[in-house]
Protein chains: 2
Amino acid sequence: MLNYSRTEENYIKAIYHLEAGKDSVSTNDLAESLQTKPASITDMLKKLKKKKLVSYQAYYGCRLTLEGKQLALMIIRRHRLWEYFLSQKLDFSWDEVHDVAEELEHVSSEKLINKLDAYLGFPRFDPHGDPIPDEKGAIANDKLISLNNQPENKPCIVSKIGNQSVSILEMLEQKNIAIKTRLEIIKKYPFDGSMEVKVGRSRTTILTKELAHNIFIKEV
Amino acid sequence: MLNYSRTEENYIKAIYHLEAGKDSVSTNDLAESLQTKPASITDMLKKLKKKKLVSYQAYYGCRLTLEGKQLALMIIRRHRLWEYFLSQKLDFSWDEVHDVAEELEHVSSEKLINKLDAYLGFPRFDPHGDPIPDEKGAIANDKLISLNNQPENKPCIVSKIGNQSVSILEMLEQKNIAIKTRLEIIKKYPFDGSMEVKVGRSRTTILTKELAHNIFIKEV
DNA sequence: ATAATTTTTTAGATTTGTCTAAATTTTTTT
DNA sequence: AAAAAAATTTAGACAAATCTAAAAAATTAT
């Protein structure tokens, strides 16, 4: 994987996100998303085509090539790992992480990112519940709902744990929470984001927002 | 503190380092240090002068203004904190940290840097023994020699501890090592960088390279 | 103190990513 | 299917940071 400019990376990332669903991305949509003019988009698309990151035909929009998609996944990987780091280690709140991660994602040392990944315990979802691509670009295909976003008195089932660190797993084990455990929020405390939760059919326990944020659920 | 381009920041940092000792920095020295041509230096110095970061007079070199110096200290703070992070948390070796930190130092969120500082335990020296400026730009004026660089059988005195984290302080306390303790390396083990050290006059103990690296000494 | 050398600056060109305004192509409307 | 509207591209210009080549100033040598 070669080195690309910050601007090129931002284009690739934007195309990746816009491409979802549609079968090609229009110049205007890209201009809107990147806060720039359509003429600039055209220029850059020609350049990215020459570098084989996108397929592009005048007047018919663009798509990422395989190589472009792989690059996009690496940028997203960096972004989400940094978000995870900021939120988990530096105690940023979830709405503050995005802008800083937007900067950090362009530091492209592979060694840095892989070591950061390991240091964080190979988390599979970022603080917003979006999946983090692994070293090879493999990515879970669904966005998860965190327990934090679940209302009171609606039973749900644990489907994923957001991080594989020993500390979280040991805590969950002690609280008898695992994949497929049935949970129901009894009461949320807005003051500190903590909540009382019924585990299975009988026992209840208190979860902090940090812990609840790493418990991803499906509604029943 | 306003926002400056990556290039401007690199100029400011280079001037700061070249300025030490001399009373002005020449165009040629800067060109050498930044691997660029003297003509480019002249252009940029005019620009930095307009922004009041340097004082510059044609044919007579430049100096940082107070504002420029403050900016330089912030860039150096970022650089050294990231170096510390890479070495201490991500397990980079000391000769690998520089290049990555060179990238990370340009991410300019103050909140990020201050939180990183706190997370690392407000370290005062980076992995090379260079002092880390604090939030206000205050900086210890001496580079320290780490115990790692001390030869065998030469007594020395502990003068600083490189980081104030509870974990390191508790470890040092247990080993009876504090400021002004007399140490002498009995044997170094190149395999893992650990060493056997005489503490005071009698007791000996084993120190890992990670620990020894945070013990800064004066020769006796 | 004049000549030779070195250092520094100026002038004009280049690259990257952007812009505006005009031209072209596609899409929508009637 | 022609006219109108919308989307896209082209052409030419600009700012940032750089370059080369030539000119100017400062320094060193004789």
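The values are calculated or read from the model by the stated rules, or taken from the named source; none is laboratory data. Source: prediction; values computed, not measured. No Cβ is skipped: glycine too gets one built from the backbone with ideal geometry, and neighbour counts run over all protein chains shown.
Take A:Ser5 and decide whether it is within 14 Å of chain B (Cβ to nearest Cβ), surrounded by fewer than 21 Cβ atoms within 10 Å (Cβ to Cβ), more than 19 Å from the chain's Cα centre (by Cα) and within 16 Å of DNA strand D (Cβ to nearest atom). Taking the combined requirement at face value, the residue satisfies it.
For A:Tyr4, state whether it is within 21 Å of A:Glu105 (Cα to Cα), out of contact with any helix residue (DSSP H, G or I) (no Cβ under 6 Å at 6 or more places or on another chain), part of a loop (DSSP other than H, G, I, E, B) and within 9 Å of DNA strand C (Cβ to nearest atom). Steps first, please.
Numbers: within 21 Å of A:Glu105 (Cα to Cα): yes; out of contact with any helix residue (DSSP H, G or I) (no Cβ under 6 Å at 6 or more places or on another chain): yes; part of a loop (DSSP other than H, G, I, E, B): yes; within 9 Å of DNA strand C (Cβ to nearest atom): yes.
Here the answer is yes, as A:Tyr4 does meet what is asked.
Among the residues of region B:103-116, which ones are of a type outside the set (A, V, I, L, M, F, W, C), part of a helix (DSSP H, G or I) and within 10 Å of chain A (Cβ to nearest Cβ)?
The initial filter retains those residues of region B:103-116 that are of a type outside the set (A, V, I, L, M, F, W, C), namely B:103, B:105-106, B:108-111, B:114-115.
In the following step, the residues that additionally are part of a helix (DSSP H, G or I) were identified as B:103, B:110-111, B:114-115.
Result: B:Glu103, B:Lys111, B:Asn114, B:Lys115.
Which one is farthest from the other protein chains (Cβ to nearest Cβ) among residues in region A:58-69 that are free of Cβ contacts under 8 Å to residues at least 24 places away in the same chain and within 7 Å of DNA strand D (Cβ to nearest atom)? Spell out how you get there, then give the answer.
In the first step, residues of region A:58-69 are kept if they are free of Cβ contacts under 8 Å to residues at least 24 places away in the same chain; the result is A:58-59, A:65-67.
Filter again for within 7 Å of DNA strand D (Cβ to nearest atom), leaving A:58-59.
Numbers: A:Ala58: 33, A:Tyr59: 36 Å.
This residue is A:Tyr59.
Could we say that B:Ser159 is in contact with a Leu (Cβ under 9 Å, 6 or more places away or on another chain), at pLDDT below 95 and not in a helix (DSSP H, G or I) here? Yes. If the condition is being away from chain B (no Cβ under 12 Å) and of a type in the set (Ser, Thr, Tyr), then region A:70-92 contributes only A:Tyr84. For region A:24-50, residues that are touching a Gly at 6+ places or on another chain (Cβ under 9 Å) and either part of a loop (DSSP other than H, G, I, E, B) or on the phi > 0 side of the Ramachandran plot (or both) total 2. Check whether at least one residue in region B:148-167 is crowded, with 17+ Cβ neighbours inside 10 Å, in contact with a helix residue (DSSP H, G or I) (Cβ under 6 Å, 6 or more places away or on another chain) and either in contact (Cβ under 8 Å) with a residue 40 or more places away in the chain or within 14 Å of chain A (Cβ to nearest Cβ) (or both), and report yes or no. Scanning region B:148-167 turns up at least one residue that is crowded, with 17+ Cβ neighbours inside 10 Å, in contact with a helix residue (DSSP H, G or I) (Cβ under 6 Å, 6 or more places away or on another chain) and either in contact (Cβ under 8 Å) with a residue 40 or more places away in the chain or within 14 Å of chain A (Cβ to nearest Cβ) (or both).
Test of understanding: among A:Glu135, A:Glu170, A:Glu219, A:Glu196, which residue is under 23 Å from A:His17 (Cα atoms) and either exposed (fewer than 14 other Cβ atoms within 10 Å of the Cβ) or free of Cβ contacts under 8 Å to residues at least 12 places away in the same chain (or both)? Steps first, please.
Values: A:Glu170 fails: under 23 Å from A:His17 (Cα atoms); A:Glu219 fails: under 23 Å from A:His17 (Cα atoms); A:Glu196 fails: under 23 Å from A:His17 (Cα atoms).
Of the residues listed, the single one that is under 23 Å from A:His17 (Cα atoms) and either exposed (fewer than 14 other Cβ atoms within 10 Å of the Cβ) or free of Cβ contacts under 8 Å to residues at least 12 places away in the same chain (or both) is A:Glu135.
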